[in-house]
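The values are calculated or read from the model by the stated rules, or taken from the named source; none is laboratory data. This structure is a prediction, so every number in the text was calculated from the model and none was measured. Please note: Cβ atoms are built from the backbone with ideal geometry, for glycine as well, and neighbour counts cover all protein chains shown.
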Amino acid sequence: MSDKNADFQPVANRAGSERPSEPSLADLFLAELGRLRRIVAGMGFGVSAAEDILQDVFVQALRQPAEYRVRQKAIRWLTKVTVNRCLTEYRNRRRFRRHACEILKRRLETEGHSTTAAEEAIAAEELEIVRESLQELDGSLLTPLVLRYFCGLNSKEVGEILDLSPSTLRGRLRNARLILAKRLVQRGVEP
């Protein structure tokens, strides 16, 4: 099943008849799990949070009564549900992340560092600045940025998933890149 456009064969024939049934959303979820994991990782979630998010998406796929006749529409639906679940989790965890970053910075400041440890601390701080800058982006700017650059989707696919016109998508991507670059420069990190 290396060709994504090939006809998808469901895990099991749910109707029990001799003719093959349409794949359920749960079957498509399993087939697209790698892509959905990249979306969640691109939104900045760790492995355990990603598994929780993907489990919620899988449950929604199981509960979805309609069978999608067109594979691409079903994949877009799964992608939208994953993005929306990430955004919800992202909003819920924003405060916690800010506090965790502050604690980490204080801890790094209080520890003594050798030259290599100092370089590692600088690299970790720069990475944290980039993460914080990404987290400060509005969801309407962060989502297209993650789908386009972290998940490798082309602009057309991102536009279809987010129901955005090409010009709106280009504008949001441009604005997100500009805001991100400006924040990085303000914080002393070269983009």
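Okay, residues lined up against (1) modelled with pLDDT under 75; (2) of a type in the set (Lys, Arg); (3) surrounded by 13 or more Cβ atoms within 10 Å (Cβ to Cβ); (4) outside the structural domain of Arg37 (by TED's automatic domain parsing):
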| position | (1), (2), (3), (4) |
| --- | --- |
| Gln60 | no, no, yes, no |
| Arg63 | no, yes, no, no |
| Asn84 | no, no, yes, no |
| Leu87 | no, no, yes, no |
| Arg91 | yes, yes, no, no |
| Glu125 | no, no, yes, yes |
| Arg131 | no, yes, yes, yes |
| Leu145 | no, no, yes, yes |
Q: With the checklist (1) exposed (fewer than 11 other Cβ atoms within 10 Å of the Cβ); (2) modelled with pLDDT under 75 in hand, flag the one item Glu67 doesn't pass.
A: (1)
Q) Can Met1 be described as closer than 20 Å to Gly159 by Cα and either at pLDDT 80 or above or outside the structural domain of Pro144 (by TED's automatic domain parsing) (or both)? A) no
Q. Here are some residues: Leu178, Leu173. Which one is over 18 Å from Gly42 (Cβ atoms) and part of a helix (DSSP H, G or I)?
A. Leu178
